[in-house]
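Asker: If you scroll down you'll find the structure; I have some questions about it.
Here, each number is a calculation from the coordinates, and none is a lab measurement. Note that this is a predicted model, so its numbers are computed, not measured. Don't worry about glycine lacking a Cβ; one is built from the backbone with ideal geometry, like all the others, and counts go over all protein chains shown.
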Amino acid sequence: MQEPKNRNSINFESNTFKKIMQIHQKQIRLKERKRGFHLITAEIEEAFVELREISKGICHVFIEHTSASLALNEDADPTVRKDFEHFFDKLVPENDPGYIHNYEGADDMPAHLKAAILGSSVTIPISNGRLAFGTWQGIYLCEHRNRGGARSVVVTAIGM
């Protein structure tokens, strides 16, 4: 039995749809950063030039680590990022005697917890080949380790 056609639905099997839908994906290695909250918007935009080919769509950024995270927040005043660090250090302190996973250092278990709270991905609309942020928004790499090393993100853009 064939389902009735909906005028507003998209036929994913049509040749027209296949020609205009684009999917781009790239792994980007971010430079090593010290512990803290760092803007990485420009680094992602510069490395992921395929974004410019999409007029309307969605960009998903996923970090491939368990002791760092991603967030969207203010990109204008650097004191916001310092306040984030202060808040999360108070929320999830180092050297808690209750931590069992502590053989990688005092900053390791708190880093995992902070990463779980903040999350491993962000999604941003794409408009006219650019990330469609609100005023003052940017992508943060939230580095929760004292020496986390270089980090990798997978960036996927889907759209037309």
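Asker: I want the local charge near ASN128. Using Cβ-Cβ distances under 10 Å, sum +1 for each Lys or Arg and -1 for each Asp or Glu among the other residues.
Answerer: Net charge around ASN128: +3.
Asker: If you don't mind, another one. Over the chain, calculate the relative contact order: mean separation of alpha carbon pairs under 8 Å at least 6 apart, over the residue count, as a percent.
Answerer: 47
Asker: Would you mind counting up the charge near LYS34? Only other residues with Cβ under 10 Å from its Cβ, with Lys and Arg at +1 and Asp and Glu at -1.
Answerer: Details: positive: ARG33, ARG35, ARG145, ARG147; negative: GLU32, GLU143.
Once positives and negatives cancel, what remains is +2.
Asker: Right, next: Once the mean 1/r over all distinct Cα pairs of the stretch 44-132 is inverted, what Kirkwood radius in angstroms do you read off?
Answerer: That comes to 15.2 Å for the stretch 44-132.
Asker: Can you tally the lysine pairs in the stretch 22-159 where the Cα-Cα distance is under 29 Å and the two residues are eight or more apart, or on different chains?
Answerer: Lysine pairs meeting both conditions in the stretch 22-159 amount to 12.
Asker: Whole-Hz Karplus ³J(HN,Hα) for the stretch 133-145, in order, using 6.51 cos²θ - 1.76 cosθ + 1.60 and θ = phi - 60°, x for Gly and Pro?
Answerer: Whole-Hz 3J(HN,Hα) from phi for the stretch 133-145: 6, x, 4, 6, 8, x, 8, 9, 8, 9, 8, 9, 9.
Asker: Given the peptides 39-48, 151-160, arrange them by the average over their residues of other C-beta atoms within 10 Å, most packed first.
Answerer: Per-residue mean Cβ counts within 10 Å order the peptides as 151-160, 39-48.
Asker: For every other residue with a beta carbon closer than 15 angstrom to the beta carbon of CYS59, add +1 if it is Lys or Arg and -1 if Asp or Glu, then tell me the sum.
Answerer: Within the 15 Å Cβ shell, the charges total -1.
Asker: For labels at TRP136 and GLN25 in the simple 7 Å Cα→Cβ model, what's the distance in nm?
Answerer: With each label point 7 Å from Cα toward Cβ, the separation is 3.6 nm.
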